[in-house]
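The values are calculated or read from the model by the stated rules, or taken from the named source; none is laboratory data. Note that the coordinates shown come from a computational prediction; the quantities given were computed from them, not determined experimentally. Glycine gets a Cβ as well: all are built from the backbone with ideal geometry, and neighbour counts include every protein chain shown.
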Amino acid sequence: MQIIRHFEHVPAPLRGSVLALGNFDGVHKGHQKVIGEARRVAEELDVPLGVLVFEPHPRQFFAPDAPFFRLTPFRAKARLLEGFGVDLLVALPFDAAMSQRQPVEFVHDVLVQGLQASHVVAGYDHHFGKGRGGDATALRYFGEMEGFGVSIVSEERDGETAVSSSRIRALLAEGKAREAAQLLGHWWSVEGVVQQGDQRGRTIGFATANLPLMDHVEPAFGVYAVLIEIEDGDLKGHYRGVANVGRRPTFDKADVLLEVHIFDFEGDIYGAHVAVSLIEHIRPELKFSGIDALKEQIAIDSGKARLILDALPDAS
């Protein structure tokens, strides 16, 4: 998958793509429906499949001091999109100039003159341009005027529930990792570079890899059964483990951290990029009376996590 961050001077092989439009935060089942339709049209027209997003997310631009809300920071989003067969990811900077583009200017400058889109696909609730002034009806009209095809995809539902990023965020805030995964179509993960902590875990027999949540939404604090993917280095691969998300009240810490204990693992992964998928919430975060009580509880949590992970259909 090729990533470009501008719409001017697009390389010739990338012009004329079918473009899926949206923020695609989480790349959930609703987003996958949009991308699937775009893939179908791209195959029919024999042109590349592209996705157009903004980076940073417009919500971050307009409310930079608001709490972190993203389900998938850019690297995670790109990885997921590539897995769905996307050839081209157009990640346009969302800045003051972009925020002031009228819908007609966005279509003419970006979609037509810049990317020369042959067809665009968007969700039923997609909006674009200054003040979100453009909608599905406007997109169809502009397509007719400018000569590109337009497909609008209907809402995706899971039973009685509409699939949406906001619903998934709410489920994660309640610790409902499996329910969130049902709407996502994949496990929700925290990705980042392993940081060196105070190495307290080594002294109690449960070494941990520490990840700051950075620009991820905060899930419910507590202990989870997790799957871990180490993406680089000599120890690259897939592992299983148990993790705590929270502030570590036993040690009077204030920052939010994800601490992962990888089962049956030895090695130094400081500086490695890893993805930790939350599978099931085991218990809320607790403050313990001392190290011995904490060690005893971690052993119990590890046993529960192993049972949960052993029961997964694709357990490894």
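Tally the residues that are on the phi > 0 side of the Ramachandran plot and touching a strand residue (DSSP E or B) at 6+ places or on another chain (Cβ under 9 Å), restricting the search to the range 17-42.
3
Among the residues of the range 152-172, are any modelled with pLDDT of 95 or more and within 30 Å of Ala299 (Cβ to Cβ)?
yes
Out of Leu258, Leu294, report the one residue that is touching a strand residue (DSSP E or B) at 6+ places or on another chain (Cβ under 6 Å) and not in a loop (DSSP other than H, G, I, E, B).
Only one candidate qualifies: Leu258.
What tally of residues in the range 40-60 results from selecting those that are modelled with pLDDT of 95 or more and either of a type in the set (D, E, K, R) or not assigned by TED's automatic domain parsing to the domain that holds Arg70 (or both)?
4
Does the range 146-174 hold any residues that are over 16 Å from Asp125 (Cβ atoms) and either outside the structural domain of Ala117 (by TED's automatic domain parsing) or not in a helix (DSSP H, G or I) (or both), and which are they?
Answer for the range 146-174, where residues must be over 16 Å from Asp125 (Cβ atoms) and either outside the structural domain of Ala117 (by TED's automatic domain parsing) or not in a helix (DSSP H, G or I) (or both): Gly147, Phe148, Gly149, Asp158, Gly159, Glu160, Arg169, Ala170, Leu171, Leu172, Ala173, Glu174.
Those residues that are within 26 Å of His216 (Cα to Cα) and out of contact with any Lys or Arg (no Cβ under 8 Å at 6 or more places or on another chain), I need them from the range 276-303; list them, please.
Passing the criteria: Val276, Ser277, Leu278, Arg283, Pro284, Leu286, Lys287, Ile298, Ser302.
Does Asp87 meet the test of being charged (D, E, K, R), in contact (Cβ under 8 Å) with a residue 40 or more places away in the chain and over 22 Å from Leu172 (Cα atoms)?
Here the answer is yes, as Asp87 does meet what is asked.
Return the residue satisfying two criteria in turn: it lies in the range 19-50 and is assigned to a strand (DSSP E or B) and in contact with a helix residue (DSSP H, G or I) (Cβ under 6 Å, 6 or more places away or on another chain), and of such residues it is farthest from Ala96 (Cα to Cα).
Restricting to residues being assigned to a strand (DSSP E or B) and in contact with a helix residue (DSSP H, G or I) (Cβ under 6 Å, 6 or more places away or on another chain), the top hit is Leu49.
If the Cβ limit is 9 Å and pairs must be 6+ apart or interchain, which residue in the range 7-18 that is under 23 Å from Ala97 (Cβ atoms) pairs with which residue that is at pLDDT 90 or above and charged (D, E, K, R)?
Phe7/Asp109; Glu8/Asp109; Leu14/Asp87
Among the numbered conditions (1) surrounded by 15 or more Cβ atoms within 10 Å (Cβ to Cβ); (2) over 26 Å from Phe74 (Cβ atoms), tell me where Gly159 comes up short.
Every condition holds for Gly159 apart from (1).
Conditions: (1) in contact with a Lys or Arg (Cβ under 9 Å, 6 or more places away or on another chain); (2) within 23 Å of Trp187 (Cβ to Cβ); (3) charged (D, E, K, R). Lys33 meets all but one. Number of the miss?
Result: Lys33 passes all but (1).
Which one is surrounded by the fewest Cβ atoms within 10 Å (Cβ to Cβ), of the residues in the range 198-215 that are more than 10 Å from Val260 (Cβ to Cβ) and at pLDDT 80 or above?
Pro212
Criterion first (under 24 Å from the mean Cα position of the chain (by Cα) and at pLDDT 95 or above) does His6 satisfy it?
Answer is no for this residue.
Name the pairs: first residue in the range 292-304 and closer than 16 Å to Tyr224 by Cα, second residue crowded, with 18+ Cβ neighbours inside 10 Å and at pLDDT 90 or above, Cβ to Cβ under 6 Å, at least 6 apart or on different chains?
Asp301/Val223; Asp301/Val242; Asp301/Ile282; Ser302/Val242; Lys304/Ile282
In the range 94-139, which residue that is assigned to a strand (DSSP E or B) and more than 25 Å from the chain's Cα centre (by Cα) is nearest to Arg39 (Cα to Cα)?
It comes out as His119.
Please go through the range 90-112 and give me each residue that is touching a residue at least 60 places away in the same chain (Cβ under 8 Å) and not charged (D, E, K, R), ordered by number.
Within the range 90-112, Val90, Ala91, Leu92, Pro93, Val110, Leu111 qualify.
Please pick out the residue among Ile282, Ile291, Ile298 that is surrounded by 12 or more Cβ atoms within 10 Å (Cβ to Cβ) and either at pLDDT 95 or above or farther than 17 Å from Thr208 by Cβ (or both).
Residue meeting the stated conditions: Ile282.
Does Glu285 fit the bill of being part of a loop (DSSP other than H, G, I, E, B), touching a helix residue (DSSP H, G or I) at 6+ places or on another chain (Cβ under 7 Å) and either among the aliphatic types (A, V, I, L, M) or at negative phi (or both)?
Judged against the criteria, Glu285 is a match.
Being part of a strand (DSSP E or B) and among the β-branched types (Val, Ile, Thr) is the requirement here; does Val53 meet it?
When the stated conditions are applied, Val53 passes them.
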